[in-house]
Structures are given as C-alpha cells and as structure tokens.
Amino acid sequence: MEANEFQEDGIYVRGSRVHNLKNVSTFFPRNKITVITGLSGSGKSSLAFDTVYAEGQRRYLESLSTYARQFMEQVQRPDVDVVHGLSPSIAIDQKTTSNNPRSTVGTTTGIYDILRLIYSKIGVPHCPNHNIPLSQGSIEKIVDRLNEFSDGAKFQIFSVVARKKKGEFSKEITGWLRKGFSRAMIDGEMKELESVTKLAKTKFHTIELLVDQIVLKKAPAAKSGASKKVATPVDSDSVLPSRIHTSLSLAMELSSGFLKVKEIGSQEELNFSLNAICPECDFHFPEMDARLFSFNDPRGACQDCSGVGEIHQEEWGDPLEGEDEDQLFYSVYPCETCHGKRLNKTALSVFVQAKNIADLTHASLPETMKFLGQLKLSSREEMILERPFKELKQRLGFLADLGLSYLSLDRSVRTLSGGEAQRVRLSSQLGSGLIGVLYVLDEPSIGLHPRDHDRLLKTLGSLRDRGNTILMVEHDELTIKMADKIIDIGPRAGLFGGEILAEGTLIEIYSSKQSVTAPYLRAEKVIADNRKRKIDFAKSVEIVEATGNNLKNISVKFPLNTLTVVTGVSGSGKSTLVIDTLLKGATEEFSGRDVGAASHSEIKNLDLIHGIIHVTQKPIGRTPRSNPATYVGLFSYIRNLFSQLPESKMRGFKPGRFSFNVKEGRCGHCEGMGYLKLEMQFMADVEVLCPQCDGARFNPETLAVKYNGKSISDVLEMSITEASEFFKNHYSLRSRLETLEQVGLGYIKIGQSATTLSGGEAQRIKLSKELAKKKRGHVLYILDEPTTGLHFEDVHKLIELLHELVDRGNTVVVIEHHTDVMKSADYIIDMGPEGGVDGGLIVACGSVEQVRKSKTSITAKYL
C-alpha cells in the first residue's frame, strides 16, 4: 500500500470482509460527522461497529498487560486488511444498555455522585424516629452562634456526660472531682459534687457537668471597618480569647461530643453535638459523607433490598414458544421497607430545604433544576459548592438538550428504550469534555419527536466542533442531510448487500444513480401510503379519565378498523396512555389478572374486539437455540418433511430426530449448539466451532438424510429468500417464508440464533407471524416505535404491512415519531404540549388533515 494514500487526516479502512461486507474500503474524515445509511441488514453496523470500533478496542486491549486483560472483554481481530488512523474509540449503541438493577439515569450520567456530595456538605440530618433536626456542630459554629447574642450576655457551658442512663455514677463523680469540677446539673437540679456520693441505681439520670461560665464581650470595631465579633470569656482570673475554645473543646471531649450552653437569667438553652444526637431517643447520626447517600454502599443502602429498591422472587412458568424446557421467571415487587427509594432510613433523613435526596432524584429534570436554582446558601456554602453546582447544572442541561427532560434521575436504566439509553450515555460523554475521540453511534435519533431532534443535531454538532470524530449509523433524513460525509451501503440486505453504493457529501449523494437512499433524499420517492384514508370513526375503544403518571384526567377514543398513530414530544405521556393504560387495562379485562394498569375510570367498548396483542421488540427467544424457524412454526413443517423422506422411514427417524433440542439427532459433543465455549482462565472465554460436527449441530446419521441434496443443517443455513425458492412447491412453508420476506427479512437465515437478532428484526418476525395467521376476529395490535432501525425503503414496507392488518378487519395503534408513518395514518392522537409535568394532555386528534390545522400542536408543523 502506498504511503501517500494516507495523506488526508482521518480513518482509513481497506478490505473489510466482516459479515456480509464485500472487501469494502472507505475513509472517515477526522473531526467530522459521517453517517452510514442503507437498508436494514445491508452491513452498516458491520462497518461502523464490527470493523472500525472493534479494531480500536482490540488495539487498546492489546496494549495492556496480561494481568489487566483478564478483567476485560476480549475482542477478536476483525476480518480487514488495514485500519489506519484510529483514534481512541467510544461506542454508544442501543444494545449495551446496562442490565444492572442499580444503574439509574443519575448514576450513569454522574449527576447522582454530585448530588451525594452536595447533600453531605449542606444536608440537615433529622432523627429518623422523631423527625427532629439534628445540628452537627463544630467549635467554630458554636462560637458563631454565641456571637448572635447581645454584648454582656452570661452563659454556662455544660458537658452532657450522661443522658437518661441508669446507674450510681459514684466512680464517675469521684473522677470529675479529681479533675477539678465542682458542680453539675443532675436531673434538672444544680448540685455540689462533693455533696453527692452516689445516685439511685435503678433510675434514669441526666448529668450535665459545669465546665465554665463566660460573659460575652464584643471587640470594638477597627478603624479600617467593622471587625468580626468575638466571644470572650471573663472571670476573676483570665480574659484570654482562646479560653472559650478550650472550654468548648473540653466539654465536647468529656461527653463524646455533646454539650449544652445556657444563658443565665433566661430560659435560653442551646444543644450542640459533633455527632448529631437526638435529644428524645439518643439516636446518634453517623458521620456525614457522600457514601451515606450511596445505595451501592452498605452505609447508605436499604438493608432489606440491598439498595436495589425491589424484591425479586423466583417462579417457574410454562416454556416459551419454540423452547422445550420450563422457564425460570422472576416476579418483581417494590421493597416494603424503602418503598423503592433504595436508601436506608438514616440516609433518607437528611434534608436540603425539605427534600431528601430520593425526593430530588424522583422529580423531573425541570423540577430538579428549579429546586437547585432557588437554593439559599451561605457565603461559605457557596464557596465550597461552587464547582459541584456548576458541573451539576451543566450535566442536567445536557440531558435537556438531548430531549430527556421528562426522565427522573432515579429512573432505572433497564426501563429505558434503546434510544433513551443511548442518549443518556451520550450526555455523560458531553460532560466528560474529551477531545480527539472517535464516537460510534447507533441511531441516536430513535424515539425523538422531530422538535427534540433539532436539539440532538445541535448537540452532535457541538461534540464534533470540540474536536471529535463522529461515526453514525442512521436512517433519519435530517441527520443524513446534516452530515459532513454520507456512506450508502446496499444494494439490498444480507448476502445481497455489503457494498458501498455511494459516498461523499450530500450533493454528491444526490447525483448518485446507484444509491438506494438518494431517491428519497431528492424526494423522487416518498414513504407515505397514499391510499384513501378511512374517515368513519363511529366505533371506537375509549379510555375514560386516565390519570397514570403525568396524564391529566384525559379521555381518549381509539377508532376501530384504523391505523392510529399516537405521537408527541418525548415524555408527553404516550407510553403511559397506550402501554400502561390501554394495553394493560384491556389485558386485565380479558384475563382477569392484575398486571399493573395505570389509573383510569374505565375502558369502553372492549366487547367490540376479540383480543389484544403487543408486538414488542423483545427477543423471540431466550436461548441460542431459538430462531425464526422455531418462532413462526417453519421448523415443524421442515422436520415433518424430512421425516417423510424414504431414508428417514427406512431408519425409523421421527420429526424429533431433526431437532437440535433432542438428544437422538443432535451432535452429542456440542449438544446441538454448533460451537464449544472454551474457558481461558485469565482471558475471556472463546467460542470455537465444534470439531465433531463443524458447526452443523446434528450428528452424522441425521445429516445423512437429504432433501434435494440438502441436509437439515444446510436448510437452516439458508436465507429466507433462498429457502422461499427452495420450498416453492410446499405451500405451507412457502407462505410463511414469503411473509417473512414481505416484512423485509429475506436476508436473515431461517436458523439464525434469536440472540443475534436486533429489536427491529424481532418485531418484524412477530409481525410476520401475525400476518400468517388465519383471521380470528377483531384484534387490537399495539406497536411501540416499529420504525426503529429501518431505512426509508423498509419503512414503506412496514406501513403497507400495518395497513394490511387493518384491511383484514383489525385495529392497529402505533406509538411513533416518524413523520411518514404519521402521514400514512387514518387517525392521529398528538400528546403534549411538553414532556413530564408539562405534558399528559391531548393537544390534537383526528385525521392528518385535521391535526395539520391545529394551532397548538407542535407536531402539526412537521406534518
């Protein structure tokens, strides 16, 4: 390779053959934004994540010592000739969302750590039993407090050596006399210690040892200005200013940190403690530091739930479709001790202006920012917390800029969508201030309303302008158009993709004749379905008085036999309305089980539908043995076909023989997995092809049976498109395969492991299964952002599928931000007007034309 080939500053890839990439070579300019686009499965992630980022990680790990590498995930070298000019790389995708139940929005962004520091510095501890404020004092604070009294005030300093304790105290009294103390307040009465020999052994006693008497004298003002007030001890022997410090320190030492100051001639009493002790129950508040507020530390965590906020209970259930074994499930219940707040009662008893740290993290981001802006701090507190407050407000601002204002800081990361989790992690990177970094992103626009999308693009631009290189896999039109460079991969998916069709600036892509994306960018092709929309909304399912989360007592109609799109800015209440209220409420009506539906009065006209199905993006199976063939029912037909072959009948092979879940037919060495997992001790485990079956998963006797020259293993390795042609004479098989092709999945293998499928692919497999079913009455289908991961061409296919479900006599309700899906809808419900506490209302509803005319809808201007 010529040296001058690398003259331009950037990252060079030469000869990548990762997955379906066909010897791809390209260039990513440094400190610019490059967008890789193309059909689903065309090879975008293979180039961005599995080539560029994987090589960056591999090189970093190889630079570490062997000892250090044992604690980190090992990355194999990607199949590429050269990757030149790599920067330190950070991947922010949707699949690496933390499954740790302790991870929250606050901990992921580092905001919670700052809050812990703030509460440890200015929080006021209270007794968790009596809710009494406990002053955690110091000698300096006591002196400042005494200086608030008038000049000439007389005080007595007492050391509280015993508080409501039983005993005779004879030894203690003798010891105090030897040290020179002569008087004490015993059970509320001043006594000479020489006259007290012992106290009643069975009674509770409070003893306050008199340490000193002082008269407050304030120093005169200096000529240069007002001087600081100083409490000066006065008696017949000495008036040294240091004496008060000595007396207070002695009082603290004698009582392990608890003293009392009484003003002579008045009822004024001041209690001070270095340890913040409750005067009612002797509760000793522990030392205030940031660890007290951590639910990952034993000092702060709720003991009953170990800081998780939930109690998990194991339960066994029926096997999932396509699997043979009973499944172990976990039922989750809120912790009854901390009520989901994760912290113990001590940590929850520290308040900053009437809010403990759990109250603050449970509020929405706008509420949190408003609270912090109204805090009244002393000059000393302002000096101490100047930098933490600046950092805190900056990080909260990053979350707001990324359209996440509706989230609370205590929100578990596990409950976030892929797009939300990615933007939360992106906000933490914005706060890091790094430069010279390669950021690899996977569709950061997912889940964003067009209004919020504008702010995301500005944020990405600022990250680039700071001196970073951004490589994005994206399908969004606005994001593609703002990129410095565009790479279009295709022409189709899977085996038929993996080529660069066009690359360059937006103008260069416009002029490309090979690009699949260019016609959509030039507006020559449009996604929106132009069929005549339904205008008869007479029959509907109606939610009455919904108040879950931020919903403001709203009533909403979902017209039957329509494609209804529920949209609105992020956090406006879409999921609460559709998933938590409609889906769960209808499920409770149909099943009679409590599934935790959000609060509402009733759901009318459910008798007009026969069932409700939530088509999610969750995996179609939980084990590597689950695959599209088992999920949609293809595998049963294929096994039956192989069992009917003459060779099978002669050998007595039943359909189960051709399943890798059955011992008789599968490879005994790898137990039907196709690979072996080797433990590498101090390195990460390695998966290698099974040496006996070479990845075929079946034993030789099973593989010997062939249909048209193909074994059962060969068939499972076929793509959907290949299998459709192979089984063209078998109607039951062909119809299911064609339905999978119809949803844009012709490129995946029919035996591909479910664990390798994306959320969008899993959702489309579920859609194909529904389309393959015979009509079974009016079904209400609910989908949440089905355009996730889809190219313009794939979105067009999806819209056709959704309308096909409607044409079959069903109702489809979709949560979506994609404007082309909105334009194709029969009915739109627009929520807002903003997110969080400022959302939860129906801003506009009706046909596309009706919503367009709305003057209050933010969505209207994007339609």
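Taking label positions 7 Å along the Cα-Cβ direction at both S732 and S601, the computed distance is 5.1 nm, reported to one decimal. Averaging 1/r over every pair of different alpha carbons in region 131-193 and inverting the result gives a Kirkwood radius of 14.7 Å. Label sites at R808 and H312, each approximated as a point 7 angstrom past Cα along Cα to Cβ, lie 3.7 nm apart. Averaging the sequence gap over all C-alpha pairs within less than 8 Å and six or more residues apart, then dividing by the number of residues, gives region 624-756 a relative contact order of 26 percent.
If R0 is 45 Å, what FRET efficiency do you get for D289 and Y675 from their C-beta distance, rounded to 0.05?
0.35
Residue separation of A354 and S266 scaled by 0.36 nm, minus their Cα-Cα distance, works out to 28.6 nm of gained length. Dipole magnitude for the chain: about 780 debye, using +1 per Lys or Arg Cβ and -1 per Asp or Glu Cβ, origin at the Cα centre. Computed from the C-beta positions of K203 and D594, the FRET efficiency with R₀ = 41 Å rounds to 0.15.
Separation of region 715-765 from region 813-863 is 35 Å, based on Cα centroids.
Between S511 and D297, what is 0.36 nm times their sequence separation minus the Cα-Cα distance? Round to one decimal in nm.
That pair, S511 and D297, stretches by 71.1 nm at full extension.
With contributions of -39500 (n - 2.57) from each DSSP H run of at least four residues, the per-residue ellipticity at 222 nm computed over the chain stands at -8000 deg cm²/dmol. Taking square-rooted eigenvalues a ≥ b ≥ c of the alpha carbon gyration tensor, is region 624-756 rounded, prolate or oblate, where a/c under 1.5 means rounded and, failing that, a/b exceeding b/c means prolate? It is oblate, given that a/c is not under 1.5 and a/b is not larger than b/c. Taking the average, over residues, of other Cβ atoms within 10 Å as the packing measure, peptides 598-608, 653-663, 555-565 rank 555-565, 653-663, 598-608 from highest down. Between V82 and A538, the contour length at 0.36 nm per residue exceeds the alpha carbon distance by 157.9 nm. Taking label positions 7 Å along the Cα-Cβ direction at both D484 and S195, the computed distance is 9.0 nm, reported to one decimal. Scoring 145-155, 851-861, 633-643 by mean Cβ neighbours within 10 Å over their residues and listing the highest first yields 633-643, 851-861, 145-155.
Applying 1/(1 + (r/R0)^6) with r as the Cβ-Cβ distance of E800 and S138 and R0 = 60 angstrom yields a FRET efficiency of 0.25. As a rough footprinting exposure proxy, the listed residues T756, T721, T623 were ranked by other beta carbons within 10 Å of their own, and the order from fewest upward is T756, T623, T721.
About the centre of its Cα atoms, region 624-756 shows a dipole size close to 560 debye [charges on the beta carbon of Lys, Arg (+1) and Asp, Glu (-1) only; nearest 20 debye].
When Rg and the Kirkwood radius Rh are both evaluated on Cα atoms of the chain, their ratio Rg/Rh stands at 1.09.
No disulfide-compatible partner, judged by a Cβ distance under 4.7 Å, exists for the following cysteines of the chain: C281, C845.
Ordered by packing density, taken as the mean number of other Cβ atoms within 10 Å over each peptide's residues, highest first, how do 695-701, 57-63 rank?
Ranked from most to least packed, the peptides come out as 695-701, 57-63.
The numbers here are math on the coordinates, done by the rules we state, and not lab data. Every value quoted in this text rests on a predicted model; they were computed, and no experiment measured them. Virtual Cβ from ideal backbone geometry, glycine too; neighbours counted across all protein chains shown.
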